[in-house]
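Before any comments, here is the structure.
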Amino acid sequence: MDRRMVIALNMFDELRASGAELDYNNLGGMIGVPMVPVVARTGEGIRALFDTVIAVYENVDNTVRHVHVNLGNDLEAAIRQIVDMLKETPTVGRHFSPRYLAIKLLEGDHQVEDEMEGIGEHTACRHERRRSRLSRLFGRGCHKDSAAPDGAYDWRAHVRCGAGSPVLMLRDKLRGNIETIRNEDISSIVAAEKYGFIAGALAETYVAGHKKDRRATRFLDRLATNRVLGFPIFFIIMFFIFWITFSLGQYPMEWIENGVAWLSDAVNATMPDGPLKDLVADGIIGGVGGVIVFLPNILILYFCISFMEDSGYMARAAFIMDKVMHRIGLHGKSFIPLVMGFGCNVPAILASRAIESNSSRIITILINPFMSCSARLPIYVLLIGTFFPAHAALVFMGLYVTGILVAVVTARLLRRFLFRKDETPFVMELPPYRLPTLKASLTHTWGKGREYLKKMGGIILFASIIVWALNYFPRHENPTPADLVAMADDSHIDPAHDSWLEMAGKAVNPVMEPLGFHWRASVAALAGVPAKEIVVSTLGVLYTNDDAVTNARLGQRISAPSAATGKPDFTPAAALSFMVFILLYCPCIATVTAIVRETRSWRYGLFSVVYNTAVAWIVAFAVYRIALLF
């Protein structure tokens, strides 16, 4: 790409411990990139790294130079022809070197192909090609053939006008000739030449050390990657993580709950009655406080995932999942973004860029929202702790497995009906097992916790205030006995007695009622469309003004009999249905935006919203009906 950069050789302490030697200064000179040894976990070399970055930025580092890896006479001749054509367009080399673009075109890189479409055309032809796209979009031809009916599309004229892009046409011709002569695809040729360069460079700069005793690693790998034991070990580890997330998190969660309750009581005791007091007590404390109590559970989950990644086990999990991924029509590399989805779907979708196959990448992006992200965790902790405390880890596991199974079925359907099958080999390095440092694990955990707290003071606070206002207004003061009778009907809309939020919830509820939803549950699900964290804060606001259970925890309030109906809004069956629906329905706005950006098509974003919601309704309906039988 001809971009200046610096390479940080992390974990350099492990290389020294093995007795190996690396002349990184000489190696950096060979490739034109400065190399700086660092040990990130201790901070060794970090200052030297920054000094080098500054020197490179200020153009005072003599190591920096542009180096070409010779790819063979025939391939170099083809690259020169494409480079000459690319240089005819001044804008081509503005961001990347023409040589880099030529190599990626020969390798068949789809992103570069899209960027290069139309390069080399005459200006008038390019305008005509754009017109032809619009004409085809609206069903009309851009070229008029004298022998064709008026408005007919003359494809011969369209080709003459350069619609195929001369750069791509030249690429196809050169690529076909080389692959025919060599009987090998261009990507393999380029990779072989690059690895040859690497082998030669390391032969002059690297001396291997003594081999460490890897008996412990080999023994652990026999267990972790065993085709029979690998999967049970993986599920046992996941079950243990869910168990410790719920069980250990209960204690600090209760402390925070008590603190929130004390704060709410203090506000109710000191502030004068009125809308401001209700806003602070019911809207802000009830909404934000209802979500912040789950911070310990989220921190524990992230700590466990960070520990698994740093220990080297996550790479083994990806290895044993490779065959499973191929059976459902995906690439082995799809496993890592899917596992990342358990934290947050947005960075997981961005991580799908590492998948070379375009079809596997898109399928991975579309099924990633079915991986239960941490934003859904407070909902699970609330409902599982209220209705299924004796089987918490099992229900947790069941929800995550349900999301995985729906993702598997969706991937199979997408591969069968929308995308052709591809077989891309999966090559992955298995790093040695390491004992993660407490500092690194706590740093990762606190980073995620800090993001969660930022949401508390941002979108969740804002949403809680909006939900409170919609539920508070319009006011119906001093209800008469007739009004109380009318209010007892908790299913039909009554503008004379209902709040705006209640009217909206009851309007939507006929669609959600077959799932066992009360109108409050329907409102909470709708509120979770922008961000799933808002679901619990919405429930916290909706259930704060019930005088019968004012001082009770949120779990007690949602399971208590309603004053209007005498029945609880949530039952165990309804709670299961609600969790499954929240697990599967449309992704949050940030995730939909990431899908559209990464696929470069709003259709995939729309598909994810419509398809996921339909699947969520069907599965939640089935779960609710089955749960009623028990």
Angle between the Cα long axis of helix 123-137 and the longest principal axis of the chain, 0 to 90 degrees, nearest 10? 40 degrees
Here are some values of Cα extents along the principal axes in Å: (i) 120, 75, 50; (ii) 93, 79, 52; (iii) 95, 56, 48. Which one was computed from this structure? (ii)
CD proxy at 222 nm, helix term only [per DSSP H run n ≥ 4: -39500 (n - 2.57); per residue of the chain; nearest 500]: -19500 deg cm²/dmol
Please report how far the C-alpha centroid of the stretch 34-57 lies from that of the stretch 362-405, rounded to the nearest whole angstrom. 41 Å
Apportionment of accessible area to carbon and sulfur, the chain, percent (1.4 Å): 62 percent
Would you mind pulling out the separation of the Cα centroids of the stretch 333-349 and the stretch 175-239, in Å? 22 Å
Using 0.36 nm times the number of residues separating residue 243 and residue 419, minus their current alpha carbon distance, what extension gain do you get? 59.5 nm
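Pick out, in residue order, every one of the GluC sites (Glu not before Pro) in the stretch 1-110 that is DSSP loop and has at most 10 other C-beta atoms within 10 Å; say none if there are none. Display every interim value, and only then the final one.
On the way: sites: 14, 21, 44, 58, 76, 88, 107; in loops: 58, 88.
Counting only loop positions with at most 10 other Cβ atoms within 10 Å, the GluC sites (Glu not before Pro) in the stretch 1-110 are 58.
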For the cross-link pairs 104/173; 454/532; 455/532; 333/532; 448/532; 104/194, which exceed 22 Å when the distance is taken from alpha carbon to alpha carbon? 333/532
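Once fully extended, how much extra length lies between residue 611 and residue 567, figured as 0.36 nm per residue of separation less the alpha-carbon to alpha-carbon distance?
Stretched out fully, the residue 611 to residue 567 stretch lengthens by 12.5 nm.
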Go ahead and run the numbers for FRET between residue 20 and residue 215, Cβ-Cβ distance against an R0 of 30 Å, rounding to 0.05. 0.90
So what's the angle, to the nearest 10 degrees on a 0 to 90 scale, between helix 602-629 and the longest Cα principal axis of the chain? 40 degrees
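For the chain, report the accessible area per residue in Å² (1.4 Å probe, heavy atoms, rounded to an integer). Mind showing how you got there, number by number?
On the way: 33210 Å² over 630 residues.
Per-residue value: 53 Å².
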Inter-part gap, Cα centre of the stretch 274-293 to Cα centre of the stretch 553-594, in whole angstrom, is 19 Å
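For residue 77 and residue 195 in one chain, what is 0.36 nm times their gap in residues minus the Cα-Cα distance, to one decimal in nm?
Contour length minus the Cα-Cα distance gives 40.4 nm.
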Below 8 Å, C-alpha to C-alpha, sequence gap of six or more: please give me the relative contact order for the stretch 242-388 in percent. 20 percent
Might you report the magnitude of the Cβ-based charge dipole of the chain about its Cα centre, with Lys and Arg at +1 and Asp and Glu at -1, to the nearest 20 debye? 1600 debye
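Counting trypsin sites (Lys or Arg not before Pro) as exposed when in a DSSP loop with at most 14 other beta carbons within 10 Å, what is the longest stretch of the chain free of them?
Longest gap between qualifying sites, sites excluded: 228-419.
The values are calculated or read from the model by the stated rules, or taken from the named source; none is laboratory data. A quick note: this is a predicted structure, and the numbers were derived from the prediction, not measured. In this analysis, Cβ positions are derived from the backbone assuming ideal geometry, glycine residues included, and neighbour counts consider all displayed protein chains. In case anyone asks, the SASA skips ligands and DNA or RNA and just uses the protein heavy atoms, side chains included. Shrake-Rupley method; radii C 1.70, N 1.55, O 1.52, S 1.80 Å.
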